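The values are calculated or read from the model by the stated rules, or taken from the named source; none is laboratory data. Computed from a predicted structure; not experimentally measured. Please note: Cβ atoms are built from the backbone with ideal geometry, for glycine as well, and neighbour counts cover all protein chains shown.
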Amino acid sequence: MPKRDIKTYNVIQQTARVDDDVIEKMGIDVKAVTSNAPSNPGLSKEVYEEGDYYCFCDVYGVLWKMPKIGGFYYDMVEQPFKNEVDVQAVASYPWTDMNDPIIYKDMKAKADLFTYEQEKAYCLERPYGGIWETALWVCGFESMYCNMMIEKDFAHALMKKITELRMQYWKNAVEQVKDSILIVSEADDVASQNGLLCSMELYKEMVHPYHKKLFSYIKSLSKEKIYINYHTCGAAKEMLPLLIEEGVDIINPVQISAKGMNTKELKKEFGNDLVFWGGGIDTQYVLQNGTKQEIYDEVKRRIDDLAPGGGFVFSAVHNIQANVPPENVAYMWEAL
């Protein structure tokens, strides 16, 4: 296949845009309709160098850096709301105008191309991180966790504002593509490798109401059923009943290497309520380091666990990063 310049799909995650000839060769049948939201740091082009790092500052004022040597993605290093607890600061902050038409430019054209000409499904993408995730990013994790415990008025004001911005986005985005909409992408990481990011009680108080409000609002925007494709990494099994209650239909990326994320058990307990979009192969260990036989055995196991009765979209767990041999990706696809 011809060599081409790599086009970055998301700056923070350093993911490449997949060319159409690769998509066709691999039989990929779902594409992404993305926004042009200037609030999306993944679309930023204003990268500069500073010593041993590449850097950029997104429109929310979060500074991101990636090591020039050995860096696979950007990390946040400075936040605009760090140490801020004044509710008025939330109201006065220069948030992105979600009614800006440039955000939705070409959205309908992409949806129509994928649906009617290429005959593929598409997922309508979110403009930024999730509600809670955005709050954690603009405050910094430690500050936001403290706010959730002792500065609850500020934390609620921030979560409420981000939810309102998100509702404005989805109202406008769904209006663009409502003739063909099926799946929308939402997110909020709720777990780490070994457990939840906060207690269930704190989640129910500080995050759950905003998810429920947003997801029900999205589903109200179309006469046709809209499926919520929800991304959370980590050991999220304990949280799945609450996510289902919130209106989540699809879970991604199904991090099978995290604690308690046994695919057979997940299918048995939640297969009637959730589609598993991911979990096709572990990317932390097997895809990076496995032999051809180990990759085959892993793919077969996950299909055997998750595919019976439907409700499984085969995909690797999260991003395939730069240290994964291309041959191993091919082995994965041969196994599938």
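Residues in region 294-336 that are part of a loop (DSSP other than H, G, I, E, B) and either surrounded by 15 or more Cβ atoms within 10 Å (Cβ to Cβ) or of a type in the set (K, R) (or both): how many?
Residues meeting the conditions: 12.
Inspect region 33-49 for any residue being surrounded by 13 or more Cβ atoms within 10 Å (Cβ to Cβ), more than 17 Å from the chain's Cα centre (by Cα) and not in a loop (DSSP other than H, G, I, E, B) and give the result as yes or no.
Checking region 33-49: not a single residue is surrounded by 13 or more Cβ atoms within 10 Å (Cβ to Cβ), more than 17 Å from the chain's Cα centre (by Cα) and not in a loop (DSSP other than H, G, I, E, B).
So if I check each of E269, E246, which one is among the charged types (D, E, K, R), under 29 Å from H208 (Cβ atoms), at pLDDT 95 or above and within 19 Å of the chain's Cα centre (by Cα)?
Working: E269 fails: within 19 Å of the chain's Cα centre (by Cα).
Checking each option against the conditions leaves just E246.
Within 27 Å of E78 (Cα to Cα) and polar (S, T, N, Q), is that true of N99?
no
Would you pick out the residues in region 284-293 that are part of a helix (DSSP H, G or I) and surrounded by fewer than 18 Cβ atoms within 10 Å (Cβ to Cβ)?
Selection gives Q288, N289, K292, Q293.
Given the residues K82, K108, which is the only one that is part of a helix (DSSP H, G or I), of a type in the set (K, R) and touching a residue at least 12 places away in the same chain (Cβ under 8 Å)?
K108
Collect the residues in region 85-121 that are over 25 Å from the mean Cα position of the chain (by Cα) and over 26 Å from V62 (Cβ atoms), keeping them in residue-number order.
Listed by number, the residues that qualify are Y116, E117.
Which one is nearest to A89 (Cα to Cα), of the residues in region 144-197 that are in contact with a strand residue (DSSP E or B) (Cβ under 9 Å, 6 or more places away or on another chain) and hydroxyl-bearing (S, T, Y)?
Per the criteria, the residue is S185.
Return the residue satisfying two criteria in turn: it lies in region 50-79 and is hydroxyl-bearing (S, T, Y) and touching a residue at least 24 places away in the same chain (Cβ under 8 Å), and of such residues it is surrounded by the most Cβ atoms within 10 Å (Cβ to Cβ).
The residue in question is Y74.
For K161, indicate whether it is surrounded by fewer than 22 Cβ atoms within 10 Å (Cβ to Cβ), at pLDDT 95 or above and in contact with a helix residue (DSSP H, G or I) (Cβ under 6 Å, 6 or more places away or on another chain).
yes
So, in region 124-160, exactly how many residues are touching a Phe, Trp or Tyr at 6+ places or on another chain (Cβ under 7 Å) and farther than 23 Å from L196 by Cα?
1
Confirm whether D188 is crowded, with 19+ Cβ neighbours inside 10 Å and either within 13 Å of V33 (Cβ to Cβ) or under 19 Å from the mean Cα position of the chain (by Cα) (or both).
For D188, the condition - crowded, with 19+ Cβ neighbours inside 10 Å and either within 13 Å of V33 (Cβ to Cβ) or under 19 Å from the mean Cα position of the chain (by Cα) (or both) - is met.
With Y210, Y230 as the choices, which residue is in contact with a helix residue (DSSP H, G or I) (Cβ under 8 Å, 6 or more places away or on another chain), surrounded by 21 or more Cβ atoms within 10 Å (Cβ to Cβ) and more than 16 Å from L274 (Cβ to Cβ)?
Values: Y230 fails: more than 16 Å from L274 (Cβ to Cβ).
That would be Y210, the only listed residue that is in contact with a helix residue (DSSP H, G or I) (Cβ under 8 Å, 6 or more places away or on another chain), surrounded by 21 or more Cβ atoms within 10 Å (Cβ to Cβ) and more than 16 Å from L274 (Cβ to Cβ).
Please note which strands (runs of 3 or more DSSP E) are completely contained in region 167-283 and include at least 2 residues that are touching a residue at least 60 places away in the same chain (Cβ under 8 Å) and in contact with a His (Cβ under 9 Å, 6 or more places away or on another chain). Explain how you work it out, then say what you get.
Working: elements: 183-187, 227-231, 250-252, 275-277.
Correct list: 183-187.
Pairs only if they're at least six apart or on different chains, beta carbon under 7 angstrom, first in region 87-102 and of a type in the set (S, T, N, Q), second in a loop (DSSP other than H, G, I, E, B); list them, first residue then second.
T96/A37; T96/P38; T96/S39; T96/V59
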